[in-house]
């Protein structure tokens, strides 16, 4: 008796992760298709002026990190949040490498979007990078704690939990068109706070 082919599109995120961890090639293919453009646009959107080739390379490196790190994913956050963190780590590594090659470039300033998610940092083996990220995370947390509740919530929903604008609007009970303006206001106030810290 033959079993019906597995319908991957109907899988929950947890089931998809389980299949990937078991080495199911179809599941990995689906994961790749689901997140490729998300990662690609995230890398491109960091404004480090990566070339198209660099952006594609970084995107592929994130997937390599994901293959290595998925078995250790603690599921304390959304998979999208975990992938966001892997992507930001890769972007930082490439940017630092570029500054090193350039010689005399300015030290990379923290991006306020680089809010650390509740996931294991795959670069913890590099103490210097880990210490820098931990300090940045502490400064961001301190800045967030001084924001008004709604502004703090919108930042956490967008950058820590990876919510889309529609999901943020639903969560906060506000019009979807107001989300972008609220995020910009929150980031502006957070930047102002961080300058004084």
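The values are calculated or read from the model by the stated rules, or taken from the named source; none is laboratory data. Here the structure is a predicted model, which is why all the values come from computation and not from measurement. Note that we place each Cβ from the backbone using ideal geometry, even for glycine, and neighbour counts take in every protein chain shown.
Key figures
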| quantity | calculated |
| --- | --- |
| The range 53-77, subset in contact with a helix residue (DSSP H, G or I) (Cβ under 6 Å, 6 or more places away or on another chain) and more than 21 Å from residue 161 (Cβ to Cβ), residue surrounded by the most Cβ atoms within 10 Å (Cβ to Cβ) | 58 |
| Matching residues in the range 22-65 - criterion: being within 16 Å of the chain's Cα centre (by Cα) and at positive phi | 47 |
| Subset of the range 33-52 that is closer than 24 Å to residue 164 by Cα and exposed (fewer than 14 other Cβ atoms within 10 Å of the Cβ) - its residue that is modelled with the lowest pLDDT | 47 |
| Segments classed as helices (runs of 4 or more DSSP H), wholly inside the range 96-189, with at least 2 members that are at pLDDT below 80 | 127-145 |
